[in-house]
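Following: one structure in structure tokens, then a few remarks.
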Amino acid sequence: MDNRANSKSNSAQPRFHQRAGEIQSYGTVNHALPLELEEPVRLEMTEQLNQLLADTITLRDLYKKSHWQVAGPTFYQLHLLFDKHYREQSELVDSIAERIQALGGVSLAMAGDVAETTRIERPPRGREEVPVQLSRLIDAHQVIIRQVRTLARRAAQLGDDGTNDLAVSEVLRTNELQTWFLSEHLVNVPLVKAEEPAVGTGAA
């Protein structure tokens, strides 16, 4: 065998700057996996899941912004809490994106596409006070919770049990729990000394 001819056809030189057409367009469902779900169902589910994905990515990044920029007496606690919630949202992002791909769709991925799609209000670039950070995060959770409840009901109607399970068991429960943790930080109670009730206002 001529090794010189073989070396010409199998060069070790990397091929840079390659471009080609898409192998699948966004907004379509491709390969028909044996999922027992018709194409219209998969199209509707992947569209709703991509909206949920865009909002979940935005919430995840809002947590990281808050983690970096939080200030004040509760810095340490919130710095850690925000990062914990960020990691949990990151896991949801991956689960949602993989569900879209499993249904034959194309998941959103790039920041610009996410920014164009999300329904969550964009925060300013600068730092904000802790109550504002918490309120923004709770508002973002509310957007997702409202959306995922609708998605879960619709998935159940269409027989997409996998999407329903993801929506309820992972996305909804995680967002409900995180909302509770945030909301408790906005309860205005004394930190060191309890306020004694005024005379005559006690229980009868």
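The values are calculated or read from the model by the stated rules, or taken from the named source; none is laboratory data. Given the structure is predicted, the values throughout are model-derived calculations rather than measurements. Glycine gets a Cβ as well: all are built from the backbone with ideal geometry, and neighbour counts include every protein chain shown. We work out accessible area using only protein heavy atoms, side chains counted, and drop any ligands, DNA or RNA first. Shrake-Rupley method; radii C 1.70, N 1.55, O 1.52, S 1.80 Å.
Tabulated values for the structure
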| item | result |
| --- | --- |
| Residue within region 113-128 that is within 13 Å of the chain's Cα centre (by Cα), in contact (Cβ under 8 Å) with a residue 24 or more places away in the chain and over 30 Å from GLU22 (Cα atoms) present | no |
| Hits in region 98-109 (condition: open to solvent by less than 50 Å² (accessible area, probe 1.4 Å) and under 19 Å from GLU36 (Cβ atoms)) | ILE100, ALA102, LEU103, GLY104, GLY105 |
| SER95 being modelled with pLDDT of 95 or more, closer than 16 Å to ASP160 by Cβ and open to solvent by 20 Å² or more (accessible area, probe 1.4 Å) | yes |
| Test for ARG119: is it in contact with a helix residue (DSSP H, G or I) (Cβ under 8 Å, 6 or more places away or on another chain) and not β-branched (Val, Ile, Thr) | yes |
| Only listed residue being in a helix (DSSP H, G or I), open to solvent by less than 70 Å² (accessible area, probe 1.4 Å) and in contact with a Leu (Cβ under 8 Å, 6 or more places away or on another chain), chosen from LEU166, LEU151 | LEU151 |
| Residue in region 124-132 that is open to solvent by 50 Å² or more (accessible area, probe 1.4 Å), among the hydrophobic types (A, V, I, L, M, F, W, C) and closer than 15 Å to ILE57 by Cβ present | no |
| Subset of region 71-81 that is part of a helix (DSSP H, G or I) and without any contact (Cβ under 8 Å) to a residue 24 or more places away in the chain - its residue that is most open to solvent (accessible area, probe 1.4 Å) | TYR76 |
| Some residue of region 144-163 being under 22 Å from ASP94 (Cα atoms) and among the hydroxyl-bearing types (Ser, Thr, Tyr) | yes |
| Condition met for ASP139 (open to solvent by less than 50 Å² (accessible area, probe 1.4 Å), among the acidic types (Asp, Glu) and either out of contact with any strand residue (DSSP E or B) (no Cβ under 6 Å at 6 or more places or on another chain) or touching a residue at least 24 places away in the same chain (Cβ under 8 Å) (or both)) | no |
| Out of GLN51, GLN142, GLN101, sole residue that is more than 15 Å from the chain's Cα centre (by Cα), part of a helix (DSSP H, G or I) and within 30 Å of ASP161 (Cβ to Cβ) | GLN101 |
